[in-house]
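S.K.: Would you mind keeping the following structure in view while I ask a few things?
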Amino acid sequence: MFETLSDRLTSVFSSLRSKGRLSDADIDATTREIRIALLEADVALPVVKAFVAQVKERARGAEVSQALNPAQQVVKIVNDELIGILGGETRRLRLAKTPPTVIMLAGLQGAGKTTLAGKLARWLREQGHTPLLVAADLQRPNAVQQLQVVGERAGVAVYAPEPGNGAGDPIEVARTSIDEAKRLLHDIVIIDTAGRLGIDQEMMKQAADIRDAVSPDEVLFVVDAMIGQDAVTTAQAFMEGVGFDGVVLTKLDGDARGGAALSVRHITGRPIMFASTGEKLEDFDAFHPDRMASRILDMGDILTLIEQAQKTFDEEQAAKMAGKLTSGENFTLEDFLEQMMMVQKMGPIKNLLGMMPGMGQMRDQLNSIDDRDLDRIAAIIRSMTPGERQDPKIINGSRRARIAAGSGVTVTAVSNLVTRFFEAQKMMKRMAGGMGIPGMPGGRGKAAKAQKAKKGRRVSGDPRKAALGKASAAEAPEAEPKSGGLLGNLGGKLPPGVELPPGFDPSKFRLPGQK
C-alpha cells in the first residue's frame, strides 16, 4: 500500500548519501521532497505540516551537524517521526479484570467489519482465549449468515439469536450476549455492529445505544485504508458521535496510496491497534508502528519475518533439517518438498522477500515472482517414486518422461529441477566443509592447522636473524583472541556499502532460540 511513499522517500535519502555535510539548503530541499511525498501519498495536510516542521527542526540541530554520517542521521530522524505519527509503540488490548472482555466493532459498511471480526476472533483464539462472536448487524442482508460462516472458518462460536435482514433488536442481542458468554465460559465477546454507506444520525444512535447497553472494554473503529481522505472525516465523526479506543486498518494489501491511514492516529489521538493485510483469516496481526515505519523507509521488517517463521516451523523439526542441510549428502528431494511446503505456509513468497531490507529497489523483480512455480515444483516431486526422491541419480530419460507426464510439465522442466537440486546439494556440501573460510567449521581451516603442526616453526639459517626473531617475539604484546563470527573474520569491518545502524552491537545479536 505504501509503495509510492516508500519509493519517493528512498530516492530522497539516496541523494543525501553522497554529502559529507548538510547545509540549510540541503535540509530545505530534503524536507520539501518529503512534504511532496507525503501529500502525494494522501496524508492529511495538518499531519504533513507537523511532521515536516519536526523533521526540519531536528535536522538543523546538533544531532545532525555533529554526526559522522549526516545522511544516515536524517533517515533516523524521519524514522523516529514516522513511528511517532503511527502511535509510538504497540498498543495491546485491555482485558477486563472479570471476564468476559467486551470488544465492540464500529465503522462504515464495506470497511470489512464482519470479516475482521472473524480475523480478530481467530487471532485471540491463537493467543489462548475463547472468544464469542455476536451478530448484532441485523440491517445488512445476510450479515448474520456471513458472520456464521466466518466464525466456522475461524473455529469460534457465534451468538446469533435473530435472523437479521431487518428483523430483530441489535441492542437486545448485544445485551443478552454477555449473559450467554458467561454461561458458556467465553472470556472475550466481539460484537459486530451495523454500518451504513455514509454517516447518519440513525447509525450513530444505534452504535451509541449498543455501547451504553454493554459498556465495552474496547471500542474499535474499523477503517478501510483505501478510502483516502474520507477516512479522517469518518474517524472524526465516529469520535464525536460514539467514541472509540483504537483503530483497525483493513485492506492494507490494496494498491491505493493509503496515506490517510497514517493520518487517523494523529487527527483522533487514538492508536492503530490492528491491521488486516489480506483476504485470508490469517492475514491479520497487531499493528507495530516501528515495523511499519521501517517498511515504509525500505529498511525491512525482520522481526515480523522471524515471528512468522517461529509460528510455522517446528523447533525440533528445524534442528533436524539443519543437520541435514549441513551434511549435504542426506538432504533429499523429500526434505526439499517438506521445506518448501513450510515456507508456503508463511505466506506468499513476494511478501516474505518484501520484508527484507532494500527490497523496495527490486519491486519489479518481486512482482514477477509467481507462487504457482512452487506448486509446479511440488507436482514434479510428488510424481516421483519414493526411491527417486531419495536418490535422484537413478532418474533416467524414461523416468523423466513419466514424471513429466504425471505432473503436467515438460521433460525439460523435470531435468532442470534435478540439475538444480544436484547443484544445491554440492553447494551445501561445500558449506558443510567450510569452503575454506576462516571461522567456519571444517574446510581449509583444519587442513591448514594440520599442515602447520606437521611443518613446525621455521627458523632462519642465519643465526643473527634467528636471534632478532626471538627478541621481537618476546617483546610483542599478547595477541587478542579472534572472534569466530563474521565480523571477526572480516577484521571487524563490514564490506563496502553495508552499514550497521547507529549503536548496533553485533556481539549482542542473537537468533531466535539462541541463548
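The values are calculated or read from the model by the stated rules, or taken from the named source; none is laboratory data. Only a predicted model underlies this, so the values are computations on that prediction, with no experimental measurement involved. Note that we place each Cβ from the backbone using ideal geometry, even for glycine, and neighbour counts take in every protein chain shown. Accessible surface is based on the protein model in full, side chains and every heavy atom, while ligands, DNA and RNA are left aside. Shrake-Rupley method; radii C 1.70, N 1.55, O 1.52, S 1.80 Å.
S.K.: Within segment 226-245, identify whether any single residue is over 24 Å from residue 39 (Cβ atoms) and in contact with a Leu (Cβ under 6 Å, 6 or more places away or on another chain), and answer yes or no.
M.R.: The answer is no; no qualifying residue exists.
The rows are residues; the columns are (1) over 12 Å from residue 192 (Cα atoms); (2) touching a helix residue (DSSP H, G or I) at 6+ places or on another chain (Cβ under 8 Å); (3) of a type in the set (A, V, I, L, M).
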| site | (1), (2), (3) |
| --- | --- |
| 76 | yes, no, no |
| 103 | no, yes, yes |
| 107 | no, yes, no |
| 120 | no, no, yes |
| 143 | no, yes, yes |
| 163 | yes, yes, no |
| 166 | yes, no, no |
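S.K.: A follow-up question, please. What strands (runs of 3 or more DSSP E), lying completely within segment 89-174, carry at least 2 residues that are more than 24 Å from residue 292 (Cα to Cα) and out of contact with any Gly (no Cβ under 9 Å at 6 or more places or on another chain)?
M.R.: Output list reads 101-106, 131-135.
S.K.: Another question about this same structure. Within segment 138-146, can one find any residue that is among the charged types (D, E, K, R), buried (at least 23 other Cβ atoms within 10 Å of the Cβ) and touching a residue at least 12 places away in the same chain (Cβ under 8 Å)?
M.R.: Looking through segment 138-146, none of the residues is among the charged types (D, E, K, R), buried (at least 23 other Cβ atoms within 10 Å of the Cβ) and touching a residue at least 12 places away in the same chain (Cβ under 8 Å).
S.K.: Quick one: which residue in 283, 245 is modelled with pLDDT under 85 and touching an Asp or Glu at 6+ places or on another chain (Cβ under 9 Å)?
M.R.: Exactly one of 283, 245 is modelled with pLDDT under 85 and touching an Asp or Glu at 6+ places or on another chain (Cβ under 9 Å), namely 283.
S.K.: Cβ-Cβ under 9 Å, sequence separation 6+ or interchain: first residue in segment 2-16 and farther than 15 Å from residue 76 by Cα and of a type in the set (Lys, Arg), partner in a helix (DSSP H, G or I) and modelled with pLDDT of 75 or more. Which pairs?
M.R.: Cβ pairs passing all conditions: 8/33; 8/34; 8/36; 8/37; 8/38; 8/40.
S.K.: Here's something else I'd like to know. May I ask you to verify whether residue 93 is of a type outside the set (D, E, K, R) and open to solvent by less than 10 Å² (accessible area, probe 1.4 Å)?
M.R.: For residue 93, the condition - of a type outside the set (D, E, K, R) and open to solvent by less than 10 Å² (accessible area, probe 1.4 Å) - is not met.
S.K.: Return a yes/no flag: does segment 187-209 have any residue that is exposed (fewer than 14 other Cβ atoms within 10 Å of the Cβ) and assigned to a strand (DSSP E or B).
M.R.: No, segment 187-209 contains no residue that is exposed (fewer than 14 other Cβ atoms within 10 Å of the Cβ) and assigned to a strand (DSSP E or B).
S.K.: Of the conditions (1) at pLDDT 65 or above; (2) within 27 Å of residue 338 (Cβ to Cβ); (3) open to solvent by 20 Å² or more (accessible area, probe 1.4 Å), residue 271 fails just one. Which one is it?
M.R.: Status for residue 271: all satisfied but (2).
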